[in-house]
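Notes follow the structure.
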Amino acid sequence: MTVTSLGYYALLLVGIALYYALPKQGQWVMLLLLSMVFYFCAAPAYTILFLLASAFFAYVAGIAMDREGANGLSAHRKAVAGITVAAVVLNILLWFLLKGSSFWMVGSRLLHRLIPAFPQLRALPIAGALGMGYYTAQVIGYIIDCYWGTIKPQRNFLKLFLFVSFFPQLTVGPISRYSQLECLYERHRFSYQNLCFGAQRILWGVFKKLVISDRVGLIVSGIWADTGTFGGVWPWVAVFLYPLQIYTDFSGCMDIVLGSAELFDIHMPENFKNPFFSRTVQEFWQRWHITLGAWAKDYVYYPVLKSKPILAIGKWARKHFSKKTAKKIPWLVGMAVLWFVMGFWHGSMRHIAGVSAWFWTMLVVSELCAPLMEKATARLHIDTESTSWILFQRVRTYVIYSLGCVFFTADSLTHSIDHVKTLAGALGSLTSFQGTIAGLGVTYADINVIIIGVLALVIVAILREKYGYARTWMQGQILPFRWTVWLLLFIITVLCGMYGPGFNAQDFIYEQF
Amino acid sequence: MTREEAFVRLNKVFREVFDDESITVGEATTSEDIEDWDSFEHINLVVAVENEFSFKIPMGKVVTMKNVGEMVDIILELGK
């Protein structure tokens, strides 16, 4: 079962009816039951054990910390720190064994070259749990929050298990904090507005995925699958189309997830805020996959910057460099660790050596060049708030992001390097189109649908930028207009969505993590 | 230490960290109000506050403080 399947919507309908019909104190139990039904329909049954194990480590750690912390003695504080480290390490180990196999496979291959007797390890013949990267991050966050004392540990294991396994988030997150999902255990009243907003958001997400993303995906994957036929400018077309594919895929799924949760009066954190409106790379990462960035900032970046070695580096830098330069040195190290962890979370070498390395470099270059850029714009009398300059900055950010995604489109580091070589080779023939669009399995009608879809995306993005949510603006419009828009969106999704016989709905890109 | 005294000392720290003598912080001042106050400068600020007031601010408080008013609450609580 996926979040775009009919079975999922049947589950939602039955779930909502039972959820609001049940006595309010039992609503969280209903959510847990629905989560289990979804899980068993979407993933191999035995993988639920991994979720249970993660939740169990967190539960035991939380309870133990609560007991030890109450003593307040320094020996007990040490015990609390030990429990925290153990619970975090166990969760990472579990994830590493099942989802991080590419790391130890690459590692064992390298060791095998040096020491032929060293065995070449293979991935375990068992699947990882659904949404393992997302819920593992959530569980680690919960354990650290208990340690920091920012939340009170949950004493009911089933309630904690619901926090870990809440079904809409199991596909692609968001990575919620415990404090953000405590509303799961509260009593919720039926609200017509939640029902409308949730359904509208789900429809918008399905439109993004089935109408735009899967169509663009055909072009992008078609080009990369056969760069011999699709030469000339085509590989570059794939590069600049991919952000559109991944954005409509990931944010589309997120709309379905957040909309589904909203039906149950659960409001989860946003993961996107018009990322392609970003004027700088820094801003982009505050608008894209927001919950992962926020998680990494609080649980990795801040502790690293406040750690003794980094503080010592900062002290050393202040002695040897000017105040401004000295500040940059710990920042560089902190960002390197942050991007390493982000790459590691994605679970492959190409993410660390490709995507993370690329964005870290871009962030460093933009930070170091910022004063130079400021001087240059002042000297050239460029109005940095003019529409054309803002547009230039947004296009520049889009290009930087597109280039970083080259490592995302391949399935290994070697293939990523092949892609880079193809792109470099294609630079000399950018004016030629080798191969036709028909060869990619798309028609000119598909191209028109993509163009109309992108126009809709731009309108919604502008409304969102102005009103916080496009639906806030919609709410202020007259009833016939609202219904026309929603019906039109529904009809276009039904008629132009890529589903049913003859189509192979593609998996969500971020589902693999 | 009174709340007013904490604000005076804190204001000095802010001016030093952000290299800006025009800064005057109040209860409701947030990172939105000071241009350079990003996640990196947040930690620089916390470390500078720790040095000024001679105590360590726990990480839980570092990640949850929402404005300068809350920062002063923490300073007064830890400075007791």
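Values in this text are rule-based calculations from the coordinates and carry no lab data. Since the structure is predicted, the reported quantities are computational estimates derived from the model, not experimental observations. Cβ sites come from the backbone with ideal geometry, for glycine too, and all protein chains shown count toward neighbours.
Values computed for the structure shown
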item: Computed helical MRE - 222 nm, chain B, DSSP H runs ≥ 4 contributing -39500 (n - 2.57), nearest 500; result: -18000 deg cm²/dmol
item: The range A:83-155 versus the range A:180-239: alpha-carbon centroid distance in Å; result: 28 Å
item: Distance between modelled label sites at residue A:273 and residue A:380, nm, 7 Å Cα→Cβ extension; result: 2.9 nm
item: Built amide H within the under 5 Å cut-off of residue A:232, gap 5+; result: A:434
item: For the range A:312-366: rounded, prolate or oblate by the Cα gyration tensor [a/c cutoff 1.5]; result: prolate
item: Other protein chain Cβ atoms within 10 Å, averaged over every residue that makes up B:38-45; result: 6
item: Note, ³J(HN,Hα) from phi for the range A:41-54, Karplus 6.51, -1.76, 1.60, rounded to Hz, x at Gly and Pro; result: 7, 9, 9, x, 4, 5, 5, 4, 4, 5, 5, 4, 4, 4
item: Relative contact order for chain A, counting Cα pairs under 8 Å that sit 6 or more residues apart, in percent; result: 18 percent
item: FRET efficiency for residue A:183 and residue A:421, using Cβ-Cβ distance with R0 set to 56 Å, rounded to 0.05; result: 0.65
item: Taking A:144, B:57, A:212, A:451 and counting other C-beta atoms within 10 Å, the order from fewest to most; result: A:451, B:57, A:144, A:212
item: Between the range A:288-350 and the range B:54-72, the alpha-carbon center distance in angstrom; result: 19 Å
item: ³J(HN,Hα), Karplus 6.51/-1.76/1.60, whole Hz, each residue of the range A:194-206, x for Gly, Pro; result: 4, 5, 5, 4, x, 5, 4, 5, 4, 4, 4, x, 5
item: Rounded, prolate or oblate (a/c below 1.5 giving rounded, otherwise prolate when a/b exceeds b/c) for the range B:3-78 by Cα gyration tensor; result: rounded
item: For the range A:277-409: relative contact order, % (alpha-carbon pairs under 8 angstrom, 6 or more apart); result: 31 percent
item: For the range A:1-105, alpha-carbon Rg over 2.2 N^0.38 Å; result: 1.47
item: Gyration tensor verdict on chain A (Cα atoms; rounded if a/c is under 1.5, prolate if a/b is larger than b/c, oblate otherwise); result: rounded
item: Helical mean residue ellipticity (222 nm; -39500 (n - 2.57) per DSSP H run of 4+; nearest 500) of chain A; result: -22000 deg cm²/dmol
item: Number of partner chain Cβ atoms within 10 Å, mean per residue of A:142-151; result: 3
item: Segments A:164-174, A:112-122, A:487-497, A:324-334 sorted - mean Cβ within 10 Å per residue, highest first; result: A:164-174, A:324-334, A:487-497, A:112-122
item: Cβ neighbours within 10 Å from other chains - mean over A:304-314; result: 2
item: Per-residue HN-Hα couplings for the range B:43-56 [Karplus 6.51, -1.76, 1.60; θ = phi - 60°; Hz; x = Gly/Pro]; result: 6, 4, 5, 4, 5, 5, 5, 4, 5, 5, 9, 6, 8, 9
